[in-house]
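Just below is one structure, and these are the notes that go with it.
The values are calculated or read from the model by the stated rules, or taken from the named source; none is laboratory data. Since we're looking at a predicted model, the values are computed, not measured. Virtual Cβ from ideal backbone geometry, glycine too; neighbours counted across all protein chains shown.
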Amino acid sequence: MEQQPGTGYKYTFDLTGGRLCLDFVNTVSGSRARPTERLHGYEDLVAWAGQAKALGEDDADRLSAEAQHRPRDAAAALADALRLREALFRILAARVDLRTPESADMELVNGALSKALVHQRVVRTPGGFAWGWADDARRLDRILWPVVRSAADLLTSPDLSRVRRCAGANCDWLFMDMSRNQTRRWCNMQECGNRAKAKRYYQRHRAAVHPAS
C-alpha cells in the first residue's frame, strides 16, 4: 500500500533486488527520468530499513524517537541517504552498461564507506562470531552503514556481473540475475514482466485485426 501524507500508512517496499544495496537503490519507483520517490521523510527510511532487516525493531523505534527530537538532523540524514542512493544507482547502472562510473560518485560512496567502517565490530553470536555494528541509537546515519557495506561487498564480488537493470518500460530497478542462464529480464515478473507480456499481446492482436496494407 502506498503511503499518503497524513494517513499513517507505511509503504510496503519491494525487496526483490537480491542484495541490500540494490533494495535501497530501488526505493525509487519508475525510471530515474520519471521517478516516484518513496523516501519522503526519515520515517520512510526507517520503515524501509526495518522491512529490509537492516535494522532490528528496537533499533528502528529508537531511531524514530531520536529523529522526532532532532528533526533538522533527521532531514540532513535523509538528504545524505538520497545522495548515496543515487550515486550507487549511477555506479551500478554504469557497470550494467559497461561504462566507467563517475569519479565523484565513487568518492561519495568511498566517503560513506569510510564513515561506516569505523563503526563495524566483531560481535559474539550463539554460533561463534560475526560482523556487527556499534550500538549507537543517536547516530541517525547508522541506517546507511549496512547499505554501504553491502554495496562495497557487491562491487568487489564476482557476482557484480550478475547485476541487471529491469527491461520494463519506465523501470530502472536493479536486481541480481541468479538464473542458470543469466537471462532474467524483469525486476518482478508479476509487475514489469506481466505488463510487457500484455503489451506484446495487444500489439500482436492489433496487427492481426488491422494488418498493414
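Among R95, R62, R99, R85, which is the only one that is among the charged types (D, E, K, R) and either touching an Asp or Glu at 6+ places or on another chain (Cβ under 7 Å) or farther than 30 Å from W186 by Cα (or both)?
That would be R62, the only listed residue that is among the charged types (D, E, K, R) and either touching an Asp or Glu at 6+ places or on another chain (Cβ under 7 Å) or farther than 30 Å from W186 by Cα (or both).
When region 108-142 is examined, which residues are found to be basic (K, R) and surrounded by 13 or more Cβ atoms within 10 Å (Cβ to Cβ)? Please lay out each step first, then the result.
Applying the first criterion (basic (K, R)) to region 108-142 yields 115, 121, 124, 138-139, 142.
Across region 108-142, the qualifying residues are K115, R139, R142.
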Testing L55 on (1) among the hydrophobic types (A, V, I, L, M, F, W, C); (2) crowded, with 20+ Cβ neighbours inside 10 Å; (3) in a helix (DSSP H, G or I), one condition comes back false. Which one is that? (3)
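Taking into account only those residues within region 7-28 that are free of Cβ contacts under 8 Å to residues at least 40 places away in the same chain and buried (at least 17 other Cβ atoms within 10 Å of the Cβ), which is nearest to L154 (Cα to Cα)? Spell out how you get there, then give the answer.
Within region 7-28, the first condition is being free of Cβ contacts under 8 Å to residues at least 40 places away in the same chain, and the residues that meet it are 7-13, 15, 23.
Keeping just the survivors that are buried (at least 17 other Cβ atoms within 10 Å of the Cβ) gives 11, 13, 23.
Values: Y11: 26, F13: 21, D23: 13 Å.
Selected residue: D23.
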Condition (residue is modelled with pLDDT of 95 or more and over 16 Å from V25 (Cα atoms)) applied to region 149-156: is it met by at least one residue? yes
Does any residue of region 41-51 turn out to be on the phi < 0 side of the Ramachandran plot, under 18 Å from the mean Cα position of the chain (by Cα), surrounded by 20 or more Cβ atoms within 10 Å (Cβ to Cβ) and not in a helix (DSSP H, G or I)? no
Looking at region 38-56, can you tell me whether even one residue there is touching a residue at least 12 places away in the same chain (Cβ under 8 Å), over 22 Å from G111 (Cα atoms) and of a type in the set (S, T, Y)? no
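Give me the residue from region 73-123 that is assigned to a helix (DSSP H, G or I) and polar (S, T, N, Q) and, out of that set, nearest to T27 (Cα to Cα). Spell out how you get there, then give the answer.
Here is the first cut: in region 73-123, the ones assigned to a helix (DSSP H, G or I) are 73-96, 103-117.
When the remaining residues are screened for being polar (S, T, N, Q), the result is 103, 110, 114.
Working: S103: 24, N110: 21, S114: 23 Å.
Checked region 73-123; the qualifying residue nearest to T27 (Cα to Cα) is N110.
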